[in-house]
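Inspection log for the structure reproduced underneath, given as structure tokens.
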Amino acid sequence: MLKYIARRLAMLVIVIIGVTLITFTMMHLAPGDPAELIATARYGMENLTEEDVERIRVAEGLDAPVFIQYLRWLGHTVRGDFGCSLVTGDPVQEEILLKIPATFQLALAALVVSLLIAIPAGIISAVKQYSPLDYLTMTGALLGVSMPNFWLGLLLILLFSVTLGWFPVFGYGSLRHMILPAVTLGTGMAAITTRLTRSSMLDVLRQDYIIAARSKGLAERNVIRTHALKNSFIPVVTIVGLQIGHLLEGTVIVESIFAWPGIGKLLVDSIFARDFSMIQGCVLLFAVLFVIVNLLVDISYVYLDPRIRYEKES
Amino acid sequence: MASAAVAVERNLTFIQLKKNKLAIIGLLIISLLVIVAVFAPVLAPHHPYEQDLDRVMMAPCSEYPFGTDDFGRCILSRIIFGTRISLAIGLIVTAISAVAGIILGMLAGFYGGVIDEVIMRIVDIFLAFPGLILALVIAGLLGPGMFNVLFALALVGWMGYARVVRGAVLAEKEKSFVETAMSLGASDLYIMCRHLLPNVIAPVIVMATLGIGHTILAAAGLSFLGLGAQPPIPVWGSMLNDGKQYLQTAPYMTIFPGLAIMITVLSFNFLGDGLRDIFDPRLKEKSIE
Amino acid sequence: MALLSIRNLTTVFHAEEGEIKACDQVSMDIPAGKTIGLIGETGCGKSVLGMSILRLLPRNAVIRGEIYYKDQDVLKMNGDQLQRLRGNEIALLPQSPSTSLNPVLKIGFQIAEGLHLHRKTKWEQAWEKAVEMLDFLKLPEPEKRVQEYPHQLSGGMKQRALAAASITGNPSLLIADEPTKGLDAVLRAQVVGVLRQLARETGAAMLLITHDLKVAASLCDQIAVMYAGEILEQGAAEQVLKDPVHPYTKGLLASLPEHGLHPIPGYSPSLLDVPAGCKFHQRCSLARDLCAEKCPPLQIINGVQVRCFFGDQSGEPQQELHNRDLQEAAV
């Protein structure tokens, strides 16, 4: 078990290096002189002088070759120094740590919304396959999967904020602020999760042990609850694990719509501001989050599926 | 008993029809979209860039069936021309990703060993990071322009194809016809193209069809955030971005482009789902009484 | 009166490829306490017959006919009645223990739940009883096994665990579906031992569905031979196996190793496309034009029921029997 975890963490390191290397490369392939951009961000267009730009170039080490710059960055990062925002001058980790809670809350809320909708819907659709309810659910799920989540967000704003005035559009602070973003993000995920839950459940319902359970004279409800559910949860955990990626991707867009002060919005703003240090910091964070959450999901299998537990122990 | 029998029989044919029906509907809509894209100049009532600052943000009317945007441009016309861009991105990105994925997957599966290890590690690395975010970073840093979005999306889109093709190649490789071909002296490339590729193409087609829809959504998302083609080029995603500020006064700026995206992606999903059912009948869902 | 009376059972699957007639006008009786063997090749419909009795078929299957269990027609039962029947009165010992045991539930639980359901045993006692039952079926270390999961047991052990789970309701009829399929000689002997023990010590009737003639020979009182969805020959086990009447049964016996391994020429028909007339006529050495046109009715020849025009080898086609006569013959 420990070897498995160690291997995954080693992978994390490679991923971080790979991804940040790509980002770094892109930053330097981008049009515009980084030093100039930083100077503009700091001092504004009008007050800029040649000396300022040069000073910044040297100070930030932008005169060295790209590869050296990357190694330098890597060296700093390993020592826990993530640099400072090129826009505000504040340390990157401060800014990020400040914004993590907001994203975490949104993601959690969205996940809850998504699971509350998807799992019952998927299970009921599977159990009552071919019924009108099944078709309705599947149609809804298909629409949900095809709909851009930012469009859904805007429609929800249109309906609930603008027309009905129930919820505020922007901002952060109370439950009321969180509902629209969480529903936007959660509904999109629910669509995918519903489909996957349903097919997983259908798969289980086809198995021999379900027929065997029925042959014992167990009530159908009992068969579903005791025999089918646990088996279908294992793939559902995979599904939810796979959804973490979508969840993170979704926060980027949803936070931008609702001006939710989280890491997603931070990343988008940093990209447009060409705040390189911040971009690297955010990318690093997303990599770590993604790999660790997936690792946790994989570990949870061990507790859910006795067959895997057995393999690991033997 | 007889009525139950009749009910079952009727139910089953209905279901079979329905499944194929969705795929056909999808195909029809896609064809319609292609026609719209190709004949855009003829179909659009106005020029997509044409501004009329006197008629800014007008509600839908006979002259402007979808209304006008904040520059007085006809929303319907912009959506019609936007079809070109959306379909183009979807097709080009998917084509590039699929081809790259097929090649890499084929090489990995066929040669195995070090090549397989290296390629699969690269796949794992790319898969270990949320694709859209990486695409966002890449496209965002490279700057505005459709090409950057294309590049970014293609870069994060190939892994699925590589994995699927590799898996299929590994399965097919074991079969004797490969050995036969090899013993007859066929070149590797020949075997890969003539023998393996046709057997491996089915899941790729399904993936690609669904992939086009997925790409269009992703591209719309990136455009919404401000990347990709810049105004006045009509891109559905950025049209939504424009409409964002005027939700109260001109909701149609938001409703129609979004609807266009959804219908387009839906049609590819219909088709993709239908194709998947056809190519893998073992996935047919039979339920138990 | 027989315990289970099947009359004109026809089971059809409505599949994409067409209609699959797995059982065609099958009639048979299972007397209380007796073991009836249902033998035939793979794909002849015998498992479907077994499943039809308990109505455990997928949604696309349509069952017509009558199945009388103690005077009640199973096919007309509602959900509750069917539930009370299953496991309690008629139990299924499913095929393939590897897939018929739930992989994520402990062995003990899968037995205890039956006890809890059928005998209203309290859970703690049910688990204890489960240990007893596994012991009864000669499973070594039952206290340990009861806490384990199916994948931790060997094939033979799983078979016994599955058997234990099936008989928790003390059924009057046990349907054993291919219990020795894919097993080696040692395991096969063990399973035969288990089944014999079950039949003897519980007094239950058994419908033994198998393709293995030797197994049928060692366990069955009566044997029915099935082919392409039809019963071709039915009678006392000794009779059918020593002195068969139907050409197919003769062919089956001739194909056994000890009789020379003579295969029956041709292939059994796909149930999608059954031949007209006698289903076996295309492979039969006695076949005449009549066989291709009309499906032979069940007749009594030499004390067994046979579906063949020329079974008695007199050269003349036989007359049809009335249902009344069939019932008399079955008793």
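The values are calculated or read from the model by the stated rules, or taken from the named source; none is laboratory data. Quantities reported herein were computed from a predicted structural model and do not represent experimental measurements. Please note: Cβ atoms are built from the backbone with ideal geometry, for glycine as well, and neighbour counts cover all protein chains shown.
Being more than 7 Å from chain A (Cβ to nearest Cβ) and under 23 Å from the mean Cα position of the chain (by Cα) narrows it down to one residue among B:221, B:211; which is it?
Just one listed residue meets the conditions, B:211.
Residue A:255 meets the conditions (1) within 9 Å of chain B (Cβ to nearest Cβ); (2) touching a residue at least 40 places away in the same chain (Cβ under 8 Å); (3) charged (D, E, K, R) in every case but one. The failed one is (1). Within the range C:276-294, the set of residues being touching a residue at least 24 places away in the same chain (Cβ under 8 Å), in a loop (DSSP other than H, G, I, E, B), of a type outside the set (D, E, K, R) and in contact with a Cys (Cβ under 9 Å, 6 or more places away or on another chain) comprises C:278, C:280, C:284, C:286. Taking the range C:276-324 as the range and being modelled with pLDDT under 70 and within 24 Å of the chain's Cα centre (by Cα) as the test, only C:323 passes. Could you tell me whether the range A:234-251 includes any residue that is within 13 Å of chain C (Cβ to nearest Cβ) and more than 20 Å from residue A:124 (Cβ to Cβ)? Looking for residues that are within 13 Å of chain C (Cβ to nearest Cβ) and more than 20 Å from residue A:124 (Cβ to Cβ), one finds none in the range A:234-251, hence no.
Checking residue B:205 against (1) modelled with pLDDT of 80 or more; (2) more than 10 Å from chain A (Cβ to nearest Cβ); (3) buried (at least 21 other Cβ atoms within 10 Å of the Cβ), which test does it fail? So the condition that residue B:205 fails would be (3).
Okay, residues lined up against (1) in contact with a Phe, Trp or Tyr (Cβ under 9 Å, 6 or more places away or on another chain); (2) aliphatic (A, V, I, L, M); (3) buried (at least 23 other Cβ atoms within 10 Å of the Cβ):
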residue	(1), (2), (3)
B:42	no, yes, no
B:45	yes, no, no
B:58	yes, yes, no
B:61	no, no, no
B:65	no, no, no
B:73	yes, no, yes
B:82	yes, no, yes
B:88	no, yes, no
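Just one of the numbered conditions (1) crowded, with 19+ Cβ neighbours inside 10 Å; (2) out of contact with any Leu (no Cβ under 9 Å at 6 or more places or on another chain); (3) assigned to a loop (DSSP other than H, G, I, E, B) is not true of residue A:102: (3).
Take the conditions (1) in contact (Cβ under 8 Å) with a residue 24 or more places away in the chain; (2) within 10 Å of chain A (Cβ to nearest Cβ); (3) polar (S, T, N, Q); residue C:52 misses just one of them, which is (2). Just one of the numbered conditions (1) among the basic types (Lys, Arg); (2) within 17 Å of the chain's Cα centre (by Cα); (3) at pLDDT below 85 is not true of residue A:274: (2).
Screening the range A:197-244 for residues that are within 30 Å of residue A:289 (Cα to Cα) and among the polar types (S, T, N, Q) and picking the one that is surrounded by the most Cβ atoms within 10 Å (Cβ to Cβ) gives A:197. Taking the range C:207-275 as the region of interest, the helices (runs of 4 or more DSSP H) fully inside it that hold 1 or more residues being within 20 Å of the chain's Cα centre (by Cα) and outside the structural domain of residue C:299 (by TED's automatic domain parsing) are C:213-219, C:237-242. In summary, helices (runs of 4 or more DSSP H) completely within the range A:122-219 and bearing 3 or more residues that are modelled with pLDDT under 90 and either among the basic types (Lys, Arg) or under 30 Å from residue C:159 (Cβ atoms) (or both) occur at A:175-205. If the condition is being in a loop (DSSP other than H, G, I, E, B), among the small types (Gly, Ala, Ser) and under 25 Å from residue A:160 (Cβ atoms), then the range B:227-267 contributes only B:250.
Out of all the residues in the range C:71-87, is one or more within 12 Å of chain A (Cβ to nearest Cβ) and more than 20 Å from residue C:173 (Cα to Cα)? Checked against the condition, which is being within 12 Å of chain A (Cβ to nearest Cβ) and more than 20 Å from residue C:173 (Cα to Cα), the range C:71-87 yields no hits at all. Scanning the range C:55-108 for residues that are within 15 Å of residue A:217 (Cα to Cα) and free of Cβ contacts under 8 Å to residues at least 24 places away in the same chain gives C:74, C:77, C:78, C:79, C:80, C:81, C:83, C:84. Each residue in the range A:91-136 was checked for being over 30 Å from residue A:284 (Cα atoms), within 14 Å of another protein chain (Cβ to nearest Cβ) and in contact with a helix residue (DSSP H, G or I) (Cβ under 8 Å, 6 or more places away or on another chain), and 11 of them qualify.
Exactly one residue out of A:197, A:184 is farther than 30 Å from residue A:98 by Cβ, touching a residue at least 40 places away in the same chain (Cβ under 8 Å), away from every other protein chain (no Cβ under 11 Å) and within 22 Å of the chain's Cα centre (by Cα): that is A:197. Taking the criterion of being of a type in the set (A, V, I, L, M, F, W, C), surrounded by 12 or more Cβ atoms within 10 Å (Cβ to Cβ) and not in a helix (DSSP H, G or I), the only residue of the range B:170-187 that qualifies is B:186. Being crowded, with 19+ Cβ neighbours inside 10 Å and under 17 Å from residue A:94 (Cα atoms) holds for only one residue in A:290, A:276, and it is A:276. Consider the range C:92-107 and keep the residues that are more than 7 Å from every other protein chain (Cβ to nearest Cβ) and surrounded by 23 or more Cβ atoms within 10 Å (Cβ to Cβ). The one that is nearest to residue C:64 (Cα to Cα) is C:93.
Restrict the check to the range C:149-169 and report whether at least one residue is within 19 Å of residue C:53 (Cβ to Cβ) and assigned to a strand (DSSP E or B). Walk me through it before giving the result.
Quick first cut of the range C:149-169, residues within 19 Å of residue C:53 (Cβ to Cβ) only: C:162-163, C:165-169.
The next check asks that each one be assigned to a strand (DSSP E or B); those that pass are none.
The answer is no; no qualifying residue exists.
Selection of the range C:22-33 for residues being more than 13 Å from the chain's Cα centre (by Cα), buried (at least 18 other Cβ atoms within 10 Å of the Cβ) and not small (Gly, Ala, Ser) yields C:24, C:25. Looking at this structure, is residue C:81 buried (at least 18 other Cβ atoms within 10 Å of the Cβ) and over 19 Å from residue C:211 (Cβ atoms)? Here the answer is no, as residue C:81 does not meet what is asked.
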